[in-house]
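The values are calculated or read from the model by the stated rules, or taken from the named source; none is laboratory data. If you're wondering where the values come from, they're calculated on a predicted model, not measured in any experiment. Because the Cβ atoms are built from the backbone with ideal geometry, glycine has one as well, and the counts that use them run over all protein chains shown. For the accessible areas, the whole protein counts, side chains as well, though only heavy atoms, and no ligand, DNA or RNA atoms are used. Shrake-Rupley method; radii C 1.70, N 1.55, O 1.52, S 1.80 Å.
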Amino acid sequence: MTQLDVLSPVPGRIIELAEVPDPVFAQALVGPGLAVDPVRTGPVTAVAPVAGRLVKLHPHAFVVQTDDGAGVLTHLGIDTVQLAGEGFELHVTEGDEVAAGDAVVTWDPAAVETSGRSPVVPVIALEATAGDLTGQRPAGPVDAGDALFTWAR
Amino acid sequence: MDKAEQILAALGGADNIVEIEPCATRLRTEVHDSSKVDEKALKAAGAFGVISSGQVVQVVVGPEADTIATDIEDLM
């Protein structure tokens, strides 16, 4: 069994998934994880939470899959698909290999909030069960690249 | 039937779909008649969950949503 450290893609404050204002994330329908309420100090560059291949890349969300098949979803804000990519600058292309901490998307959480949407960032261990995750970072401040939780694989 | 066919059938078929739009984790679907939507069949087709609100049915399928939406559009 391997232990996969999943890093925070953005700086902000840790919140429980249950507090995310979207039932799909709050009920962990696509997997367990944590969420980060990002800082509102201007543009933020979201980084890869794990090393692997960018198997899905939308302006507002991406999935990095590790060599052994663990998929980690980072979703930048809630209902941000409706922004159709406006205000999201991609630094990579779908299919690229990334290292943990590599820049993926630059966006402005404050602008998302101004548009009437929550900028909260769920970070999801896709298709994992809650018991697979340990070492969840407690509520409080977090920097991009800090460990959020460990996924036992 | 493949996944896209099963999901389309469980949503009441092509005639029941007003709009289907993929997001990172789900298919956001607007239907004409929500009583024709079969939640059990959606889950049997592989949906992790179904969130219905009036005529809007969100089928939670995970990050394959964009691929499945394209497959469904091809069937319509």
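For the range A:49-70, what are the residues that are outside any loop (DSSP other than H, G, I, E, B), open to solvent by 10 Å² or more (accessible area, probe 1.4 Å) and touching a helix residue (DSSP H, G or I) at 6+ places or on another chain (Cβ under 8 Å)?
Across the range A:49-70, the qualifying residues are A:K56, A:H58.
Give the residues of the range B:43-76 that are under 12 Å from B:R26 (Cα atoms), open to solvent by less than 40 Å² (accessible area, probe 1.4 Å) and either of a type in the set (S, T, N, Q) or more than 12 Å from every other protein chain (Cβ to nearest Cβ) (or both), sorted by residue number.
B:V57, B:Q58, B:I68
Let me confirm something: among A:V81, A:V98, which residue is under 20 Å from A:G116 (Cα atoms), more than 13 Å from the chain's Cα centre (by Cα) and open to solvent by less than 50 Å² (accessible area, probe 1.4 Å)?
A:V81
Restricting to the range A:1-25, give me the number of residues that are within 14 Å of another protein chain (Cβ to nearest Cβ) and over 16 Å from A:D79 (Cα atoms).
1
What are the pairs with Cβ atoms under 8 angstrom where one residue, in the range A:16-28, is modelled with pLDDT of 95 or more and the other, located anywhere, is in a helix (DSSP H, G or I) and of a type in the set (D, E)? Sequence gap at least six, or different chains.
A:A26/A:E19
Quick one: in the range A:26-48, of everything that is within 14 Å of chain B (Cβ to nearest Cβ) and part of a loop (DSSP other than H, G, I, E, B), which residue is surrounded by the fewest Cβ atoms within 10 Å (Cβ to Cβ)?
Of everything passing the filter in the range A:26-48, A:Q27 is surrounded by the fewest Cβ atoms within 10 Å (Cβ to Cβ).
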